[in-house]
Amino acid sequence: MAPLFFVAMGLIVATGCRDSAAPAPVATKASAPAAAIQLTVLVAGDEELAEGLRLLRGEWKARSGGELSVEAITLDDLQKAEPLAGDLVIFPSRWLGALAEHSQLRPLRESLLESPELGLSDIFPAIRNGEMKYGGQTLALPLGSPPLLVFSRLDSPDQMAGSQWTPPLAGRAAAYTLLARAISYTESPQRADALFSAENMTPRIGAPPFVRALSEIKEETSAPDDATPVDFASGIQAVRSGNAVATLGWPGLLREATQPVDHPADEAAAFSPLPVAEQVYSQSQADWENQTFPQPVTLLGVEGRLVGACQSSRNAVSAFKLCQWLASGDIAVQLSSRSWGTLWFRASQARVYARWAGGQAAPDSSTPVTKVVAEALAVETPVMVPRVPAIDEYMDALAEAVRTAEPGEEAVNAALSEVAAKWEAITERLGRDGQARAYRRHLGIDVLEAE
C-alpha cells in the first residue's frame, strides 16, 4: 500500500503545483491612441476673422492635439444651411435670433460659463447680459461688438448738425444712422422695442421720434443728387482728412483708411458717445417733453461677432472648449482685433485697445476712447438691433427710404409709411406668429425652449 500512497501524493502535489502556477500571459493587441478630433469652424461674412483663425490652427493643435478646419462662408450660405455643416460658427451678432429660431446653436453649458478660464465677469455688461443672450439662454460667446459712436473734430461746437456733418448713408448704414438718432428721442423704457410691437410685430417706424429724426437728417444732408453716400469707414476717413466735422462709427474703422492720413484734423478728432436729446416723445402725453434725467443711448448690433457651438456637431465637448479658447486671453485679442467689425469686449483688453484701432491713440485733450467704450458697454440693457429672422431685409428697406425720402415732414411720413408696409409684407411672408415670438425672445420676454 505504501508505494500506491506515495504515487497518489505525488500526483496531488504535481497537480497542485500546476494549478497554483502563474497563468501564462495572454497576448493582447496594443490599444490604439485616441484619434485626434478635427473641428470645423464656419466663419460667416468675415474673411479677416477666417484668416486670423487659420493662423491659430497650429497653436490649437499643440494645445489639444486636434485639427482645425476653417471655412469662410457668405451670409447667404449661412441663411440657407440647415443644418450647419460645422462644429462652431462665427457670425454677426444680429443674426443670433435667426440661428436660434432654426435650432442651429447649442446653449452654452453652465460649467463653461462659470469656469475661471472664461472669466465671464470680465466681459462688459452690455454684451454679457444683453448680446450673448436670447430667449433667456446664453447661446454664444463674444468676439467683440462695437457700440455706435460719434467721431468728430474736437473743435466742433455742434457735432451733429450743419453741412459738414457727414451721416453714413451707404448701404445698411443709413438705417442705423436713423435708428441711432430716433432712439435718443424715445423714452428710455420704450427704447428696446421702439421698432415693433412686442405683441404682434406691428411696425412702429412711423412714430414721432422716427419722423423727427429722418426730417432732421434730410435737412442736414441736402447733397447734390449725384453725390455718393458714404459708409461708416468713408465717413471716418472724411473727418480725419478735414473734409467733414463729424460722423458715426467705431474705433475699429480707423484701420480701414483707404489712403494714408496726413492732416491736422486727424490729430484733433476723437470718439464720443451718441448725443443725448434734450427732448423725448412721451407716449402717455402724446407730446414732446424735456428730459429730466437724460439717458445716453448704447446701440449694439450694427456690427459685432459671436461664436457658438453648432447643434449638429458630434464633438460638443471639444467644440465648447474651442469656443472658450477663442473668446479668452491673448487668443481673443489676436483673433478679434483682425476684424473691423469687432472691438475690445473685456475690461482687461483696454490696455491693448490699439490692436483694434490700427495703432491709433486718442488725442491728449479728449476723453480716452477706452473710457468712452467702457461707459457705453457698462449698461445692463443696451438697445440692440432686433435679432429676428431676416433682420437685414428689414433694415435694407429702411435704409433705402432714408436715402430716397424727400425733405419735409409730409414726404418723410409717406416714406416711413412705405417702410411699414414693406415690413408688414416681410413679416407676413415669414409668419407673423413666429416673427413676433422671435422678437419677444430677443427682448427677453419669452423663453427659448431647450432642445
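Taking Cα centroids, how far is segment 426-444 from segment 103-133 in Å?
Here the answer is 24 Å between Cα centres.
Could you run the Karplus curve 6.51 cos²θ - 1.76 cosθ + 1.60 with θ = phi - 60° over segment 199-208 and give me ³J(HN,Hα) per residue in whole Hz, x for Gly and Pro?
Karplus values, whole Hz, x for Gly and Pro: 6, 9, 6, 5, x, 10, 5, x, 5, x.
Between their Cα atoms, which of Lys80/Lys218; Lys80/Lys133; Lys61/Lys371; Lys80/Lys321; Lys133/Lys321; Lys218/Lys422 are more than 30 Å away from each other?
Lys80/Lys218; Lys61/Lys371
Using amide H atoms built in the peptide plane, which far-off residues or other-chain residues are under 5 Å from Gly171 H to H?
none
Short version: ³J(HN,Hα) in whole Hz for each residue of segment 324-341, in order, from phi by Karplus 6.51 cos²θ - 1.76 cosθ + 1.60 (θ = phi - 60°), x for Gly and Pro, what are they?
After applying 6.51 cos²θ - 1.76 cosθ + 1.60, I find 5, 4, 6, 9, 10, x, 5, 4, 4, 5, 4, 7, 4, 6, 7, 9, 6, x Hz.
Could you calculate the FRET efficiency of Ser282 with Ser366 from 1/(1 + (r/R0)^6), where r is the beta carbon distance between them and R0 is 41 Å, rounded to 0.05?
Efficiency, rounded to the nearest 0.05: 0.75.
In nm, what is the difference between 0.36 nm times the number of residues separating Ala374 and Val352 and their Cα-Cα distance?
6.6 nm
Amide H neighbours of Thr40 under 5 Å, at least 5 residues apart or on other chains, H built in the peptide plane: list them.
The list, which skips near neighbours in sequence, is Ser69, Asp87, Leu88.
Describe numerically, in nm with one decimal, the distance between label points set 7 Å from Cα along Cα→Cβ at Ala425 and at Glu71.
Placing both labels 7 Å along Cα→Cβ, they lie 3.4 nm apart.
Quick note: the coordinates plus some simple rules give every number you see, no bench work behind them. What you see is a predicted model, and the numbers here were worked out from it, not measured in a lab. Methodologically, a virtual Cβ is constructed for each residue, glycine included, from the backbone with ideal geometry; neighbour enumeration extends over all protein chains shown.
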